[in-house]
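Notes follow once the structure below has been shown.
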Amino acid sequence: MLEFAIVGAGFSGIAMARALDKGGESDWCVFDKAQEVGGTWRENHYPGAACDVPSHLYSLSNAPNPSWSRLFPRQPEIQAHLRRIAEPLIKSGRVQFGEELSRARWVESEQHWLLEFASGTQRRSRSLILALGGLHVPAAPSIDGLETFAGPAFHSAQWRHDVDLRGKRVAVIGTGASAVQIVPEIAQQATRVNVFQRTPAWIIPRNDFAIRPWLRLAFARWSWLRKSFRGAIFLLLEATSTALTHRRSGFWGRALARWHLRRQVSDPQLRKRLTPNYPIGCKRVLVSSSYYPALQLPQVSLIDQPIAAMTAAGPKLADGRVVPADVLVYGTGFKPLDLLSSLQISGREDRQLAQDWAQRPQAYLGMSPHGYPNLHVLLGPNSALGHNSVLYMVESQVAHIVALHKERRRRAVNSVEATERAQHGYLRRVDAGFAASTWNGGCKSWYLNDEGVNVALWTGTCLSYRRLTRTVQIENYRFV
Ligand code: NAP
């Protein structure tokens, strides 16, 4: 029997395994459905895929990379970095690929989890750590007749590199974080790109730059310099959380985004169509300096009339006009936490996570659901961010889980579970932060469920989450 089973070999699964390894723990195993590490960075390889968080912050604090080539890392470089840091774990033989978890059941009499994989493999583990990533299940647009489209149609996270866009008319549906990276890239290949916008986004400049070799050498030589750079980025992003958590303080962000729009788009009509009518930060703020220029290329058009239906020839607008397309690209985002709800996870007294989470996914500290002993979800409900590096949250969670199980062992017991009271307390705190925040500003976003309840975000600063998770508050757990 394993002591820790980690499901998912993306950034969070790797961070967890590294922490266990570093703590001298050898009885762990990582399972991943694919044949490679990387998670979201393995799956999102669309043209232009890159991270919106600067590279030196978007790395684990104990696995730095002084050689990042740019301020904002691109997908191939992040994926290569992940492969590199996971290599010792893979070499140790404790990462198993091609294993997709389909079912997990807590066996109360034995005090362990029984895991069943799609391959038929069964494993037993004292603890189960789900590192599946919140944004995993692609959301196709809900448009009548979508399946009638005659050409290739695919989601940004399922990019079809076999579809040659040269000489083609491409319809891009959606204008979120993925689409604004895709449009400038494919505009260089396709003969026509029609971008279907439902809601404009607030966009701030990207100011990306290549990190010169001398600076990379300096980062490698003087770790204090790299750490200071990382720290400065962190504090800058952390400061933006004030603008998000206090609805009235978005002035500077709005001024920056408006200035960026004015500077890059000279046509006042187009500017108006690209100006959001909700508070900045309500939806995720996008970071791009190439999207607005791409929209103004002669072969690119912004279409902000709603799509009434899909036809074989392309999207049909409300006025009956069909916009001809050879290829459809869905930049329509994800169903957050959907994967977790679709897995069969049975906890104590046969409770089902899918049922418990049907109204609202919930877990103490966003990682330990009450009723599910020794189960932890990395970046679970209400522990994602809208303003800083999620890896900071992952590292807070990983350290907490390690400390929690140390305490469990010190007490010589087999299981630990968050109390219901602690879980409610956490949600109350998250909801209080949300009420006054810009996320509650009347827009729709993946942060919210259909009832407008925030199911995704932690509503404080990263530092306040670190404070909350730094010590194990014994009264919030039940040790058995
Ligand atoms: P997203 O931000 O959820 O955007 C989805 C887009 O699709 C929105 O513009 C949405 O419009 C539109 N849409 C959905 N259904 C539609 C329909 N029927 N007709 C027209 N438009 C429709 O998704 P995403 O861009 O994939 O990004 C999701 C998250 O992934 C980001 O917020 C971020 O956390 C992460 N991400 C990060 C990066 C990065 O670091 N660079 C890159 C990609 C993704 P509405 O706004 O009207 O709903």
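Structure values in brief
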{"item": "Fraction of the pair-distance distribution of region 364-461 above 18 Å, Cα-Cα pairs, percent", "result": "50 percent"}
{"item": "Reduced Cα scattering model of region 1-118, Debye log10 I(q)/I(0), q = 0.09, 0.10, 0.17, 0.20 Å⁻¹", "result": "-0.28, -0.34, -0.87, -1.10"}
{"item": "Highest-first arrangement of 60-69, 403-412, 266-275, where packing means the average Cβ count within 10 Å", "result": "60-69, 403-412, 266-275"}
{"item": "Within straight-line cross-link reach of K22, lysines at Cα separation under 28 Å, skipping those fewer than 8 residues along the same chain", "result": "K33, K91, K227, K406"}
{"item": "Protection-proxy order for peptides 167-179, 234-246, 283-295, each taking the mean of Cβ atoms within 10 Å per residue, highest first", "result": "167-179, 283-295, 234-246"}
{"item": "Protection proxy ranking, peptides 192-200, 205-213, average beta carbon neighbours within 10 Å, highest first", "result": "192-200, 205-213"}
{"item": "Å³ per residue enclosed by the Cα convex hull of region 100-238", "result": "276 Å³"}
{"item": "³J(HN,Hα), Karplus 6.51/-1.76/1.60, whole Hz, each residue of region 204-209, x for Gly, Pro", "result": "10, x, 8, 6, 6, 8"}
{"item": "Under 23 Å from K283, Cα to Cα: lysines that are on another chain or at least 8 residues apart", "result": "K272, K335, K444"}
{"item": "Average silhouette area of region 102-173, convex hull of alpha-carbon atoms, in square nanometres", "result": "8.2 nm²"}
{"item": "Values of log10 I(q)/I(0), in the order q = 0.29 Å⁻¹, for region 225-271 under a Debye, Cα-only, solvent-free model", "result": "-0.94"}
{"item": "Per-q log10 I(q)/I(0), region 68-111, q = 0.28 Å⁻¹ (Debye; single scatterer per alpha-carbon; no solvent)", "result": "-0.97"}
{"item": "Straight-distance crosslink candidates among lysines, where the alpha carbon sits under 21 Å from K316 and sequence neighbours closer than 8 are dropped", "result": "K168"}
{"item": "Unpartnered cysteines - no second Cys beta carbon under 4.7 Å - across the chain", "result": "C29, C51, C462"}
{"item": "Theoretical ellipticity at 222 nm over the chain - DSSP helices of four or more residues, -39500 (n - 2.57) apiece, nearest 500", "result": "-9500 deg cm²/dmol"}
{"item": "Tail weight of P(r) past 34 Å, computed on alpha-carbon pairs of the chain, percent", "result": "37 percent"}
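Any read-out appearing in this document is the output of simple, stated calculations on the displayed coordinates, not a laboratory observation. Note that the structure is a prediction, hence the values are computed from the model and not measured. Neighbour counts run over all protein chains shown; Cβ positions are idealised from the backbone, glycine included.
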